[in-house]
Amino acid sequence: MFSLHWRVISIFRCVMMLALAGTGVWGCQASPRYACSPVPVAPSPANDRYPAVEKPVADSLAAVLATNAAVPATTPRPLQVLVLPGGVDGAPYTSGVLVGWSKTGQRPTFDVVTGVSSGALIGVYAFLGPKYDADLQRLIVTLKTADLVKLRPVSSLLLHGSLSSMKPAERLIRTEIHDGVLADLRQAHAEGRRFFVGTMALQTKRLVVWDVGAIASSDRPDADELVRKVLLAAFSYPGFAPPVKFNLEVNGQCYCEEHSDAGTVAVAFVRFGPVAGWPEPGAPVRPGWLAGSNLYVLASRQLYSNPTPVPERALARGMTAIDAAIEALAQAQIGRIHSLCAVSGMRFNLLAMPQELSRKPVTLTELFPTDAPEMFAIGYEAGASGPRWRLTPPGAEPGEESIPRSGLALD
C-alpha cells in the first residue's frame, strides 16, 4: 500500500510537470490584466548609486584573457572548440549560422565539439565539417515534429511513463547516422579530435558525458547502435519521451541506467581529449596553458527572454518559473565556460539568437519550430556575413544586470 501511494504521487507529479511544460498548448490563453513592464536596456543616472557587479568582473577577466593571449601556448597548436547548448526552438538558427560560417572560409575544423539536447545532433554535422553542411540544411529545413515523436494519449503516462513514443526519432537517427557518418566519426577520432555528448542519468540526476568517437571506434559489436542510442537519449525529454536504457558493468556488477535530455542539469559543458601541456593533478597551475586557442559558444536561444504576458493561472506561472530556471542555468554555465577561458588563455566567443527576434513558442503538438526555414535563413545570413561574436559572458552588458529598486517609480 505504501509503495502504491508513492506510485500515485509520482504519477501525479509527472502529470503536473507535463502540464506545466505544455501550458498554452490546447487553446488560447486570456490576456492578463496588466501589461509587461519594459526591461531596462541601459543604466540611468538614477541608478548610479548602485555600482555594477558583473561588469567589472567581466572586464577584469577580459584583462586576464588579454594577458594570457601573450603567453606562449604550451600546446603544440591552438585548439578550436565548439560548444552547442540545447534548445530545439533555436536549432534552425544555430544550423544556419554554421552553414553560413562555412561560406566565409573562416570556419575552423573543430578539435572538440560538445552538444546537449538538439546540440548533440547538430554537433555530429558541425564536428564532421562543411562536407555535411548540405545534409544539415536538408534535415533542419524539412524536419517536422512527426519525424521526432508520436504523441500518445495522456493515459499512456500510467502504462509507458511518457506522453510520446520516440520511434520516429529512432528511424531518423538510423537514417542520418549511416555507415558513412560513422566511418568519418572514427577517422576524426583517430586524428585526435573529440565529440562529446551530454545526457542525464535519471537515477543520479547528474550529467553523463559520452565520447562518441571513442564509442564508434571501439571493438564492441554494437558500437554503431550505441552511438545512435546516445544521440537518441540526448533529446529524450523526461516525462515527455521515454528514457533510453543502458546496461553497464561497474566493478563486475551489472546495472541498468536510464538516460534522458541533459538540459535540466547542464545546458552547456566543455571537455577535452588528451592535450599536451595540460596541468597535472596536484601540480601548480600556470595560467594560460591554452593560450591562442578559441572557444565558440553557439547558443540556441536568446540569452534573455523578452517580456511576455503570463496568464493568471497556476500552471502558466509554474511553467514560467521552470523556463526561468533553465534560462538562469544556461547563463551560469556559459559564465563558467568564460571563466575557464580566462584562466586557460582561450579566446571566448559567444553568439546567441538576436533579442529582437519574435518567436512562436514550441508546443507539444509542434515540438519542432514551424518557422525553421525562415530561422535557418536568418542564421545563415548571420554566419555568412561573418559571425559577430560577443566577447563577454551573460550579465556583463548594459541592462543585463539587475539593479536594486529603491521604490516603485522607476526611470
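The values are calculated or read from the model by the stated rules, or taken from the named source; none is laboratory data. What you are looking at is a predicted structure, and each value in this text was computed from that prediction instead of being measured. Backbone-built Cβ (ideal geometry, glycine too); neighbour counts: all protein chains shown.
Consider only pairs whose beta carbons are under 6 Å apart and that are at least six residues apart or on different chains; among these, list those whose first residue lies in segment 220-247 and is of a type in the set (Val, Ile, Thr) and surrounded by fewer than 18 Cβ atoms within 10 Å (Cβ to Cβ) and whose second residue is assigned to a helix (DSSP H, G or I) and at pLDDT 95 or above.
If the second residue must be assigned to a helix (DSSP H, G or I) and at pLDDT 95 or above, no pairs are left.
Does segment 188-219 hold any residues that are among the basic types (Lys, Arg) and in contact with a Phe, Trp or Tyr (Cβ under 8 Å, 6 or more places away or on another chain), and which are they?
Those that are among the basic types (Lys, Arg) and in contact with a Phe, Trp or Tyr (Cβ under 8 Å, 6 or more places away or on another chain): Arg193, Arg194.
State whether one or more residues within segment 257-266 are within 23 Å of Gly379 (Cα to Cα) and of a type outside the set (Ser, Thr, Tyr).
Looking only at segment 257-266, we keep the residues that are within 23 Å of Gly379 (Cα to Cα), and these are 263.
Now narrow it down to the ones that are of a type outside the set (Ser, Thr, Tyr): 263.
For segment 257-266, residues within 23 Å of Gly379 (Cα to Cα) and of a type outside the set (Ser, Thr, Tyr): present.
Out of the residues in segment 256-284 that are in contact (Cβ under 8 Å) with a residue 60 or more places away in the chain, surrounded by fewer than 17 Cβ atoms within 10 Å (Cβ to Cβ) and in contact with a Phe, Trp or Tyr (Cβ under 8 Å, 6 or more places away or on another chain), state the one that is farthest from Arg228 (Cα to Cα).
Gly277
Of Gln333, Gln253, which residue is buried (at least 20 other Cβ atoms within 10 Å of the Cβ), at pLDDT 90 or above, out of contact with any helix residue (DSSP H, G or I) (no Cβ under 7 Å at 6 or more places or on another chain) and among the polar types (S, T, N, Q)? Can you show your working first?
Numbers: Gln253 fails: buried (at least 20 other Cβ atoms within 10 Å of the Cβ).
None of the other options fit; the residue is Gln333.
Checking Asn68 against (1) at pLDDT 70 or above; (2) crowded, with 22+ Cβ neighbours inside 10 Å: exactly one of these is not met. Which one?
Only one criterion in (1) at pLDDT 70 or above; (2) crowded, with 22+ Cβ neighbours inside 10 Å is unmet by Asn68, namely (1).
If we scan segment 367-375, do we find a residue that is surrounded by 12 or more Cβ atoms within 10 Å (Cβ to Cβ), among the acidic types (Asp, Glu) and touching a Lys or Arg at 6+ places or on another chain (Cβ under 9 Å)?
yes
For Pro287, are the conditions met, namely being surrounded by 15 or more Cβ atoms within 10 Å (Cβ to Cβ) and over 27 Å from the mean Cα position of the chain (by Cα)?
Yes; evaluated as a whole, the condition is true for this residue.
Can you pull out the residues in segment 192-204 that are surrounded by fewer than 18 Cβ atoms within 10 Å (Cβ to Cβ) and either under 17 Å from the mean Cα position of the chain (by Cα) or hydroxyl-bearing (Ser, Thr, Tyr) (or both)? Don't jump to the end; show me each part of the working.
Filtering segment 192-204 for residues surrounded by fewer than 18 Cβ atoms within 10 Å (Cβ to Cβ) gives 192, 202-204.
If the condition is that a residue be surrounded by fewer than 18 Cβ atoms within 10 Å (Cβ to Cβ) and either under 17 Å from the mean Cα position of the chain (by Cα) or hydroxyl-bearing (Ser, Thr, Tyr) (or both), then Thr204 is the only one that fits.
Report every pair of residues separated by at least 6 positions or lying on different chains whose Cβ atoms are under 9 Å apart, first residue within segment 179-201 and without any contact (Cβ under 8 Å) to a residue 40 or more places away in the chain, second buried (at least 23 other Cβ atoms within 10 Å of the Cβ) and of a type in the set (A, V, I, L, M, F, W, C).
Hits for this filter: Ala183/Ala216; Arg186/Ala216; His189/Phe195; His189/Val212; His189/Ala216.
Looking at the structure I just gave you, is Gly407 loosely packed, with under 12 Cβ neighbours inside 10 Å, of a type outside the set (Lys, Arg) and either modelled with pLDDT of 95 or more or more than 22 Å from Phe110 (Cα to Cα) (or both)?
Criteria met by Gly407.
Which residue is modelled with the lowest pLDDT, if the candidates are limited to segment 284-330 and must be acidic (Asp, Glu) and closer than 18 Å to Val265 by Cβ?
Here the residue is Asp323.
Can you name the residue in segment 361-390 that is in a loop (DSSP other than H, G, I, E, B) and charged (D, E, K, R) and is also modelled with the highest pLDDT among such residues?
Across segment 361-390, the extreme among qualifying residues is Arg388.
A quick yes/no check of all residues on (1) out of contact with any Phe, Trp or Tyr (no Cβ under 6 Å at 6 or more places or on another chain); (2) closer than 30 Å to Ala169 by Cα; (3) free of Cβ contacts under 8 Å to residues at least 40 places away in the same chain:
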{"site": "Ala299", "(1), (2), (3)": "yes, yes, no"}
{"site": "Tyr304", "(1), (2), (3)": "yes, yes, no"}
{"site": "Pro309", "(1), (2), (3)": "yes, no, no"}
{"site": "Ala324", "(1), (2), (3)": "yes, yes, yes"}
{"site": "Ala352", "(1), (2), (3)": "yes, yes, no"}
{"site": "Arg359", "(1), (2), (3)": "yes, yes, no"}
{"site": "Leu367", "(1), (2), (3)": "yes, yes, no"}
{"site": "Tyr380", "(1), (2), (3)": "yes, yes, no"}
{"site": "Gly407", "(1), (2), (3)": "yes, no, yes"}
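Mind checking whether some residue in segment 218-227 is under 22 Å from Ser118 (Cβ atoms) and either touching a Ser or Thr at 6+ places or on another chain (Cβ under 7 Å) or β-branched (Val, Ile, Thr) (or both)?
yes
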